[in-house]
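Bear in mind that the values in this text are calculations on the coordinates, not laboratory data. The shown structure was predicted, so the numbers you read here are calculated from the model rather than taken from an experiment. Cβ placement follows ideal geometry from the backbone for every residue including glycine, while neighbour counts extend to all protein chains displayed.
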Amino acid sequence: MSRQISIGALTLGGGAPIRVQSMTNTDTMDTQATVEQTLRLVDAGCELVRITAPDVKAAENLYNIKNELARSGCNVPLVADIHFNPLAAETAATIVEKVRVNPGNYTDRNNGKTHFTEQEYADELKRIGEKMSRLIEICKAHHTAMRIGTNHGSLSERIMSRYGNTPEGMAQSAIEFAQVCRQQDYHQLVFSMKASNVQVMVQSTRLFVQKMHALGMDYPIHLGVTEAGDAMQGRLKSAAGIGALLIDGIGDTIRVSLTEDPVEEIPVAYDILQAVGARISQCEYIACPSCGRTQYDIQQALQQIKARTQHLKGIKIGVMGCIVNGPGEMADAHYGYVGQGAGKITLYKGKQVVKRDIPQVAAVEELVNLIKQNGDWIEPRQ
């Protein structure tokens, strides 16, 4: 388990729920547009909102954005996204709850150098530590958290010269920054290994976690497949990468990166968390695809059951075609709706049969009544 850190009033890691975040795609200098999009994200369930700060002027405007959000009654933690500009990071760290820096372009001097001697490499690490010192001190003074986010597409020439464009290079890049922060007794840290290639993202994150633990570190991990695309492809790539690591027990916060309105990322994130059992936020259905043994309209039944029960957070319902595999495959369901014969249904509570020979036309209502009788029913919001 990772250590727990604070991002404003929000806890992250250390047993806290896996947090869902997104990023605005508005012009940061357009205060009203950024505030409006942030409010829509929060209404959708977003718990941290990242906003780009490409220069000092944009970083300064985070103050206005934060104030406008507060006037709207919204105190969601904000994260300043920084690339190339240490001064912007230092400014933002006095305003928002968290800053994100990229080790590949924050302090490294990418000037075409392709070979570093051992001494030159060591000298660059020393310079990085000195360059990071001011940001670290500002973060300490303002209780600001920091994400050190490595990107596969922006590794520094120094890292590339030794490790190439590899998961090893990504992990090592972040480890170097982790050691700088630890040397300066700063630990409000989150780390991420982002790539558009799912395998690289998964491999580099696993490798970083191994290296981090070997050094006695236990910082929270941010998960995401960057530039995943849109529609089904973006959702599948995100689910494959994020889901694989969550199943490993890795990950404290996630962002689904879609080329869509960022509000569309939030339900996908919750769906991924639900699918791997990491954060239950809705009713879950175990439903078989049906086959020739199914003697009732299972597709219609599933849709009818979902329409009546999808608001029941944390309840698991099995909708199965027949008794051949049905009771076994839905063994961990709270309730079961199983085909018995031609147009007939059997209802289960857990593994126990409750009622047989129910006509399909009445079976959904009977299921709802069973849930009510066992105290698991709540009325849906109007």
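Expressed in units of 2.2 N^0.38 Å, where N is the residue count, the Cα radius of gyration of the range 328-382 is 1.16. Translational diffusion of the range 27-82 was estimated from the Stokes-Einstein equation, with Rh taken as the Kirkwood radius over Cα pairs; at 20 °C and 1.002 mPa s the coefficient is 194 µm²/s. Among 70-78, 146-154, the peptide with the highest mean count of other Cβ atoms within 10 Å heads the list, and the full ranking is 146-154, 70-78. Using a cutoff of 8 angstrom between alpha carbon atoms and counting only pairs six or more residues apart, the relative contact order for the range 284-373 works out to 25 percent.
By the helix-only formula, in which each DSSP H run with n ≥ 4 contributes -39500 (n - 2.57) and the sum is divided by residues, the chain has a 222 nm mean residue ellipticity of -13500 deg cm²/dmol. Among Cys322, Cys291, the order by Cβ neighbours within 10 angstrom, fewest to most, reads Cys291, Cys322. Axis of helix 231-247 versus longest Cα principal axis of the chain: the two differ by about 80°, to the nearest ten degrees.
Placing +1 on each Lys and Arg Cβ and -1 on each Asp and Glu Cβ, with no other charges, gives the range 5-275 a dipole about its Cα centre of roughly 480 debye. Spatial offset of the range 279-353 relative to the range 183-256 amounts to 34 Å, using the alpha carbon center of each.
When the chain is treated as a Gaussian network with alpha carbon springs shorter than 10 Å, the biggest mean-square fluctuation among Pro103, Pro220, Pro17 belongs to Pro17.
On the basis of the beta-carbon distance and an R0 of 22 Å, Asp185 and Met1 show a calculated FRET efficiency of 0.50.
Helix 298-309 axis versus longest C-alpha principal axis of the chain: approximately 70°, rounded to the nearest ten. With respect to the chain, whose longest principal axis is taken over its alpha-carbon atoms, helix 167-183 is tilted by about 70°.
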